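Enquirer: My questions all concern the structure below.
The values are calculated or read from the model by the stated rules, or taken from the named source; none is laboratory data. Note that this is a predicted model, so its numbers are computed, not measured. Note that each Cβ is placed from the backbone with ideal geometry, even for glycine, and that neighbours are counted across all protein chains shown. With ligands, DNA and RNA removed, areas are computed over all heavy atoms of the protein, side chains included. Shrake-Rupley method; radii C 1.70, N 1.55, O 1.52, S 1.80 Å.
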Amino acid sequence: MKKINLNKITFVFLFIFCANSFMNAQLKSISNGKQIDEKLVGIWVGSETDKQIEGVSKSWEMTRNADGTFILDFEFTQNGNTQKTQETGNWWVENGKFYEYHFESDLTDIYEYKPMGTKRVKFRAAKMNVDMNAPIYEFIDTRKETTSRKNDDSSSRNTNKVQSNSDKYQ
């Protein structure tokens, strides 16, 4: 009879549990009692063509804040004409779905969402308050890379090397 190695089995189950926990939402309760998925906080960009309206290209930048608010900047292009709009509202997650309440329209859109690593999220409309050209409306948001300037001490070091005119001539 073959002896079962319980340490290996325990390790495999522990590994599966940890991997599953990592892939699931990182939920955080916010002041209004709703929950947000912390993996969705940040600045995200996306685009689509012909999915909402035939002949229209749409791109956006959405800032999802940790307090559950968002700012959504849209740019629509049709026949060479471009229009920009901005929407604001609240976002949260509930039962594995992403909710987007828009202050301007007083309506909420609902999406199924699936993180694809740390830099992309796939959304699929579950309930939209506008008509869509495509029978299934889905898109991918990509985390916007923010550039941070490194604190470069070389400029301050260089200014220390420069002497004043009075120092040079003494």
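Enquirer: Looking only at segment 34-57, which residues are within 17 Å of the chain's Cα centre (by Cα) and under 23 Å from residue 76 (Cβ atoms)?
Expert: 43, 44, 45, 46, 47, 48, listed by residue number.
Enquirer: Suppose we keep only residues that are in contact (Cβ under 8 Å) with a residue 40 or more places away in the chain and part of a strand (DSSP E or B) within segment 25-35. Which one would you say is most open to solvent (accessible area, probe 1.4 Å)?
Expert: Filtering first and then ranking leaves 27.
Enquirer: Considering only segment 36-56, state which residues are open to solvent by 70 Å² or more (accessible area, probe 1.4 Å) and not in a loop (DSSP other than H, G, I, E, B).
Expert: 38, 47, 49
Enquirer: In addition: Please note which strands (runs of 3 or more DSSP E) are completely contained in segment 59-147 and include at least 1 residues that are touching a helix residue (DSSP H, G or I) at 6+ places or on another chain (Cβ under 9 Å) and open to solvent by less than 60 Å² (accessible area, probe 1.4 Å).
Expert: Per the criteria, 81-94, 97-102, 107-115, 120-127, 138-143.
Enquirer: So, one more: Among 46, 68, 89, which is the only one that is small (Gly, Ala, Ser), at pLDDT 95 or above and more than 20 Å from residue 122 (Cα to Cα)?
Expert: 89
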